[in-house]
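Each reported figure results from applying straightforward, stated rules to the coordinates on display, with no laboratory input. Given the structure is predicted, the values throughout are model-derived calculations rather than measurements. Counting neighbours? That spans all protein chains shown, and the Cβs are built from the backbone with ideal geometry, glycine included.
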Amino acid sequence: MTTTVLEVKNLLTQYHTGDGVISAVNEVSFSIPKGQTVCLVGESGCGKSAVAMSIMGLIDPGAGAVKNGEIFFNRVDLLNIKKHELRQLRGNDISMIFQEPMTSLNPVLTVGSQIMEPIMEHEIISKKEAKRRALELIKLVGIGRSEEIFDSFPHQLSGGMLQRIMIAIALSCSPELLIADEPTTALDVTIQAQILDLLRSLKEQREMSMLLITHDLGVVAEVADYVIVMYAGKVIEEGPVVELFENPKHPYTQGLLKAKPVIGQRQEELYTIPGQVPNLATLKPSCFFSERCEHCMSICKEETPSIQTFDNEQQVACWLYKEVSIV
Amino acid sequence: MKGYILKRLFYMIPTLFGASILIFFLYSLVPGNFIDADPNLTAERKAELYELHGYNEPVFIRYFIWLGNLLKGDLGYSLQFQLPVGEVIGNYIWSSFIVALASLILTWVIAILIGIMSAVRQYSLFDTLITVVVFAAMATPSFFLGLIVIKIFAVDLGWLPAGGMIATGSNLTGWEYIKDVAEHMVLPVLVLTMLGIGGLTRYFRTNMLEVIKQDFIRTARAKGLKERVVIFKHGLRNALLPAITLFSFELPALFGGAIITEQIFNWPGIGAVYMQAFSIRDYPLLMGFTIFIALITVMSNLLADIFYGIADPRVRVRK
Amino acid sequence: MENSAIIIKKIKKPTKTSLWGQVIRRLLKMKMPLLGLAFLLFIFMFSFIGPFFSPYINLGVNPTNINQPPSLEHWLGTDKLGRDVLTRLMLAGRISLLVGLGAMIMSVTIGGLLGIISGFYRGIVDQIFMRIADVLMTLPGLPLLFIMAAILSEWKVPTEYRIYIVMLMLSIVGWPGLARLVRSQILSLSERQFMQATEALGLRDVRKLFKHLLPNIIPLLIVSGTLSVGGAILSESTLSFFGLGVVPPDASWGNMITSANSLIDFQKRPWLWIPPGLAIFFTVISINLLGDGLRDAIDPNMKRR
């Protein structure tokens, strides 16, 4: 029996926008077992990043807040611990890397001092020792000339290098859980593969758990153990990566997989899912995907489907399968 | 970097040249002069003085004489003080400087602190209150503020002296003297600080709001740093960078004297001297002082760029 | 790899209302700018219509009734010539507001025009205008104003023309900053895609200027124009206080405060100089609040997330 590192239950995170209050994360539940990589997949604006920010407790209080639900990290309730206790977990036990390495580092501080920072903050350690650790970390993420890199400023390094530095910062205190929010989106394709390989091997070496957020199914197929598909703030399908890719159940997941071009199979036209993401501020109880769904039924427009588990651990929230089970 | 500074120094020449032309011809447009304004002079003495000060020459010849002297470092000869203009400036500039320096330091420290605090707590009660105060400070005419402050603190409450630099007729020395000057400084410094603080606070608030939206602030929080470290180490440094330019722009004010405030508080600084020179048409002093300020302004623009280049690593390396 | 990103790209809904409709709608949601606007309307009515309701408008000097403190007949008392201070405050408001508006219109016209020409044609024209602006900005504003004012007072300009001269002086000091702002805006607009498209389409200069550039800098001109009215009123009051702006018998808020120069008036008759000071204060604060609100309403990036 594997232990669970992170457990999210009925998470509801809301933001204020010009159009009104929107539920960016709407009753989302999932868990991450120790040493596993869970991928959160969906389009931009579906609430993936809001899940990550809710876990980190980094939602800007002026913009939104977690309204309901529970987040347990190693059985510690993150939503009900003191602010400074959560702060001590951040960067130490849970760390995070972001989409834009170019802007995620402070332009006026050296790379080295930014790597040393979390070490100095979370551990009782001399400056000299921290520097030694930082140099080691730079080597660990696959950059040579570590002394030289240590003293350089972010604008002197390339995007791929900076993302490696971000990974070094995230790993500096040997976290149990690493959250990676679209870590490769802003990078060139060749660099993307290198960064993914790096993340995967580091995760295995250090027995970390990882929550990887992406819109890229290619990335998912490469690194995920378990996949969660989100649409308009809700989980619509989840399951082990092989089952989900071989036998997608939700029409949206099917669409996503169909839209992904496969090498060797030339199609006349790439498949696209018709329509666009609904405005989150004006959602009524319904299946949020119903307007774009080719199998849409009358019930889909009236009631939100609940999530339902299948034998192979796959779970789906879709009325198509509810009817099947009733009949 | 050296080449860059030389290039910039070279670019200053046309600007200063233009400024000298503008200053000279503006003043030469003013009818009447020191000699005509003095009713005690005889006609012969006037003619002598005309000859002595070169007033008989055509305007543009006089300009080149003046410019030639300027290039030799000679700012002219003050008619009112019967001293070289450079010396007059030297005599009065330091009393202006201490007031300006005190208010500059106060203004910046207060503006940085409250600017950052109201940015961090955007839309809070504190922020709203600061915004109101800032707007008020920006809408008050300096002379009116001076009058109000004198009325309240010097006339009605009688806490502080209304004007001057030392108590009338006093001949204090040592610490007593310093204490006396300091007491006389309080109100002018208060007025200058209140006038300057509005714009600067807003500037820091806007800058800081811009900075705390940046991704690297989120990274700093994700590292689990204390909020104090996030704001003051990661935020403030970036918010201060563009302010270096602004700080350099304030340098001329350190030497230029505060014309209105010095006038209102009867402070014996260069600004008050400038106003006096106006009323008795001491043109050499007016022109010399104006070109001096123009020179300082141009120099501080250059300093602004150099300082910025030193402080911002992004600029530093590119050069 | 990018394909899944393509399908999910959100298509922006076309906006239904016009730009200005949106600006007005956003402005109506803001409290402080509306308060500013309301006060400005009040002060305009106070200055331009108010005097007609005053029984003292035609009486002028009254030697039997000098230096009276505020009373029921004279709400703000009378001055050393026996004139009603409240009525004078209204009449002074006319002049101060007119000078502020006039100076703004002139500096926006000069600054806007020179800025557009500099940014659009660049080259030697740009160099000339910007060097002139440099020189003007190198000289400290206040001494420059004093010099000009001194020249004018020596030339004995008739008092009724003084206020136009003051407007002109203020706009001479005011245009360089505005011209630079407009120029840099034009330069950055020219770099944008849509301007390069007009280049590719071979549009005539006039059309490029009026159809494509001007609409984009009008918001900038409105905001900085509004804010510059406040600055102009402050500068006018300073000049007039030192006797270099609007001079008696014409009243402006600035020269009304001059009475504070007399020690007895300053200490014993605050009704002479405090009301005009407050009038300046509240008018400028209102203008700044309105200008600030306009900027927030026009620039959607500034609006609350």
- Viscosity 1.306 mPa s, 10 °C: Kirkwood-radius Stokes-Einstein D of the stretch A:194-311 over Cα pairs, µm²/s: 97 µm²/s
- Note on the structure: Residue by residue through the stretch B:22-27, the couplings from Karplus 6.51 cos²θ - 1.76 cosθ + 1.60 with θ = phi - 60°, in Hz, x for Gly and Pro, are 4, 4, 4, 6, 4, 5
- How many angstrom lie between the C-alpha centres of the stretch B:217-236 and the stretch B:122-172? 37 Å
- Task: Could you check what % of the DSSP bridge pairs in chain A are antiparallel, to the nearest 5?
- Result: 60 percent
- Query: Straight-line reach from A:Lys48: which lysines have Cα under 16 Å away, leaving out those fewer than 8 places along the same chain?
  - Reply: A:Lys9, A:Lys234, C:Lys9, C:Lys10
- Task: Please work out the ratio of the alpha-carbon Rg of the stretch C:96-305 to 2.2 N^0.38 Å and round it to two decimals.
- Result: 1.21
- If eta is 0.692 mPa s and T is 37 °C, what Stokes-Einstein diffusion coefficient results for the protein assembly as shown, Kirkwood Rh from Cα pairs, in µm²/s? 99 µm²/s
- Nearest-5 percent of antiparallel DSSP beta bridges in the protein assembly as shown? 65 percent
- Task: Using the number of other C-beta atoms within 10 angstrom as an exposure proxy, rank B:Phe265, C:Phe194, C:Phe39 with the fewest first.
- Result: C:Phe194, C:Phe39, B:Phe265
- Calculated from backbone phi, Karplus (6.51, -1.76, 1.60) coupling profile of the stretch B:140-149 in Hz, x at Gly/Pro: 9, x, 4, 5, 5, 4, x, 4, 4, 4
- Message: Below 8 Å between Cα atoms, with a sequence gap of 6+, how large is the relative contact order for chain A in percent?
- Response: 20 percent
- Message: Using the crude model of +1 on Lys and Arg Cβ and -1 on Asp and Glu Cβ, and no other charge, please compute the dipole size for the stretch B:94-271 relative to its Cα centre, in debye to 20.
- Response: 1020 debye
- Message: Check chain A for me: any Cys whose beta-carbon has no other cysteine beta-carbon within less than 4.7 Å?
- Response: A:Cys39, A:Cys46, A:Cys173, A:Cys318
- Query: Between A:Asn68 and residues 5 or more places away or on another chain, which pairs have amide H atoms under 5 Å apart, with H built 1.01 Å from N, and which residues are they?
  - Reply: A:Leu12
- Note on the structure: Listed by chain and number, the residues whose amide H is under 5 Å from that of B:Asp74, excluding neighbours fewer than 5 places away on the same chain and using placed H, are none
- Of all chymotrypsin sites (Phe, Trp or Tyr not before Pro) in the stretch C:97-162, the ones in DSSP coil with at most 15 other Cβ atoms within 10 Å are C:Trp155
- Sequence order, the stretch A:178-194: Karplus ³J(HN,Hα) from phi using 6.51 cos²θ - 1.76 cosθ + 1.60, θ = phi - 60°, Hz rounded, Gly and Pro as x, gives 10, 9, 10, 9, 6, x, 10, 4, 8, 9, 5, 4, 5, 5, 3, 5, 4
- Item | Proxy reagent accessibility, fewest Cβ within 10 Å first, across A:Lys260, B:Lys179 | B:Lys179, A:Lys260
- When the Debye formula is applied to the Cα atoms of the stretch B:175-319, each taken as the same point scatterer, what base-10 log of I(q)/I(0) results at q = 0.14, 0.19 Å⁻¹? -0.88, -1.16
- Query: What is the set of long-range amide H partners of A:Ile97 at a cut-off below 5 Å, with H atoms built 1.01 Å from backbone N?
  - Reply: A:Ile179, A:Ala180, A:Asp181
- Using the alpha-carbon centroid of each, what span in Å lies between the stretch A:32-48 and the stretch B:266-310? 64 Å
- Message: How tilted is helix B:174-212 with respect to the longest principal axis of chain B? Cα atoms for both, answer in degrees (0 to 90, nearest 10).
- Response: 50 degrees
- Magnitude of the Cβ-charge dipole (Lys and Arg +1, Asp and Glu -1) of chain C about the Cα centre, nearest 20 debye, reported as 1500 debye
- Item | Charged-residue dipole, Cβ positions (Lys, Arg, Asp, Glu), chain B about Cα centre, Debye nearest 20 | 2180 debye
- Listed residues A:Leu135, A:Gln163, A:Met120: farthest to the positive end of the dipole of the stretch A:102-172 (Cβ charges): A:Leu135
- Sequence of C:Val99, B:Val189 once ranked by neighbouring C-beta atoms within 10 Å, starting from the fewest: B:Val189, C:Val99
- Shape descriptor, chain A: equivalent ellipsoid semi-axes (Cα gyration tensor, sqrt 5λ, whole Å, largest first) stand at 36, 22, 18
- Query: Using just the C-alpha positions of the stretch A:102-172 as equal point scatterers, what log10 of I(q)/I(0) does the Debye formula give at each q in 0.12, 0.13 1/Å?
  - Reply: -0.25, -0.30
- Note on the structure: Nearest-0.05 FRET efficiency for B:Lys72 and C:Lys268 at R0 = 60 Å, using Cβ-Cβ distance, is 0.65
